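Input: a single structure, listed below in structure tokens.
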Amino acid sequence: MSILSSHVYPIDLRTFMYNRLKSVGKYEHPTNPSPTYRKFYGLGFKTFKVARVYLFPLANVKTRNTMNFTQSLTPYTVAGREHIHKQLRMDIQREISVLMKS
């Protein structure tokens, strides 16, 4: 059931965007995108062009898992704050103490 519902959401969003942007933009493949667009997205997906600027395509958004992330590094718990403070370098600790004194 969750697989089915995850496929419904992008279609609803695409329909919503199409209905909202069809009067102000064109839905097309990018012909002359900006360098940032070329760097992060390919030219294979259609997207809206509004005021001579291509909107980033939602179908081509890539996500990554943070491999070195640990949940013990949260600043909201006492143990997490202690762990973060132990890992600070000496020059950073000195700078923080100077800022706290001023």
**Request:** Would you point out which residue out of Ser2, Ser23 is of a type in the set (Gly, Ala, Ser) and either surrounded by 10 or more Cβ atoms within 10 Å (Cβ to Cβ) or at pLDDT 85 or above (or both)?
**Result:** Ser23
**Asked** When both residues are 6+ apart or on different chains and their Cβ atoms are under 9 Å apart, which pairs have a first residue that lies in region 64-91 and is of a type in the set (Lys, Arg), and a second that is modelled with pLDDT of 80 or more?
**Response** Arg81/Thr74; Arg81/Pro75
**Asked** Conditions: (1) surrounded by fewer than 10 Cβ atoms within 10 Å (Cβ to Cβ); (2) not in a helix (DSSP H, G or I). Leu88 meets all but one. Number of the miss?
**Response** (1)
**Request:** Test each condition in (1) out of contact with any strand residue (DSSP E or B) (no Cβ under 7 Å at 6 or more places or on another chain); (2) in a helix (DSSP H, G or I) for Tyr37 and report the one that comes out false.
**Result:** (1)
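The values are calculated or read from the model by the stated rules, or taken from the named source; none is laboratory data. Because the structure is a prediction, the values reported are computed rather than measured. We place every Cβ from the backbone using ideal geometry, glycine too, and count neighbours over all the protein chains shown.
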